[in-house]
1. Enumerate the calculated ³J(HN,Hα) couplings along region 225-238 in order (Karplus 6.51 cos²θ - 1.76 cosθ + 1.60, θ = phi - 60°), each rounded to whole Hz, writing x wherever the residue is Gly or Pro.
2. Treat every Asp and Glu Cβ in the chain as -1 and every Lys and Arg Cβ as +1, leave all other atoms uncharged, and give the resulting dipole magnitude about the Cα centre to the nearest 20 debye.
3. At A231 and T284, where each label point lies 7 Å from the Cα along Cα→Cβ, what is the point-to-point distance in nanometres?
4. Compute the FRET efficiency between S173 and A23 as 1/(1 + (r/R0)^6), taking r as their Cβ-Cβ distance and R0 = 41 Å, and round to the nearest 0.05.
5. What does the charge count near R171 come to, summing +1 for each Lys or Arg and -1 for each Asp or Glu among other residues with Cβ under 12 Å from its Cβ?
6. Mind jotting down the distance between the C-alpha centroids of region 177-247 and region 87-149, whole Å?
7. For A210 and R140, what is the calculated FRET efficiency with R₀ set at 41 Å and r taken between the beta-carbons, to the nearest 0.05?
8. Which order results if S173, S191, S227, S207 are arranged by neighbouring Cβ count within 10 Å, fewest first?
Amino acid sequence: MRASAGAQTGPVSGPLDTTDAPAQPESGAPAPPVVEVTQGREATVGAMTVRRVLPRRLRRTVGAWCFADHMGPHLVTEQHGVDIGPHPHIGLHTVTWLLDGEILHRDSLGSEQVIRPGQLNLMTAGHGVAHSEEATGSYRGRLHGMQLWVAQPESTRHDPPAFEHHAELPRVSVGSGDGTVIVGSFGDVTSPARSDTPIVGVDGSLSPGASTWPLRADFEHALVVMSGSVAVDGEIVVPGQLAYLGQGRDELTLLATDPSRVLLLGGLPFEEPVLMWWNYVARTREEIGAAAAQWNAGDERFGVVTSPLPRIDSPLPIWRRTT
Ligand code: MN
């Protein structure tokens, strides 16, 4: 079990390092309609191997979506699951979405919430929050899902943290499949979940065949295939990849060659420059350095998570290392 990443000198296992995102702030540059398929990379987060499809060097944000890890499928037990001990976040929302299994979320707001497939845990870090993701003590079996982050805009990123759990989300029907609107609006259906900038996230369950999805042309979009295989404008997309679709589409036709689960992400291009490091989304190196130092010092900024798992120390940002 990796209790501390602080002593590592190589690439940091877990959240973001410079393999994923550059060490200087950048804003996303939207493209016209394209199908730009990038391969994710494997990373270790807590006890799990994940496929990180966002950010990638060539594609850092899709709207305000700035991070997407595809977790599993992986077998877990009552006592061991994702096993991510208390760690901090700033400047982002975490969006946890499961296809199979259960995870127990605990945070420094006092939330203790089991999440199950079809439900949404949405935590807003704002100025600072800490949380853990644990085995439930009761679930054994397959765990499969997505861990996503949404960058907060300047107007909310210094606000206090918050947590929402949505047990019920609206469903939509699209061609050969149906979907759940996790966040934002899709056609005329709107999720009750908080979003601080215009974004959309839809989980689609597709039978083999074609489906046409309504899109907002002012959004940029991307597709993650969580299982199965889907063709987009003739390009096959499979799990472990991100298909960036650009901006300016008012609909999208997906051709599922197998029963497939897909995640559509979109939003207005996020124009504020973003600097991401480890579990922090900020604007400057100073902000990230301060957050890392405060977390490691046990500063009250991040509160306390009551968890049986060990607290995870923050690594030093690469630009603060002396070697
Ligand atoms: Mn986290």
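1. 8, 8, 7, x, 7, 9, 9, 10, 6, x, 9, 7, 10, 10
2. Rounded to the nearest 20 debye, it is 660 debye.
3. Once both label points are built, they end up 5.2 nm from each other.
4. 0.40
5. With Lys, Arg at +1 and Asp, Glu at -1, the net is -3.
6. 22 Å
7. It comes to 0.60.
8. S173, S207, S227, S191
All of the numbers you see were taken from the coordinates with simple rules; none came from a lab. None of these values were measured; they are calculated from a predicted model. Cβ atoms come from the backbone with ideal geometry, glycine included; neighbour counts cover every protein chain shown.
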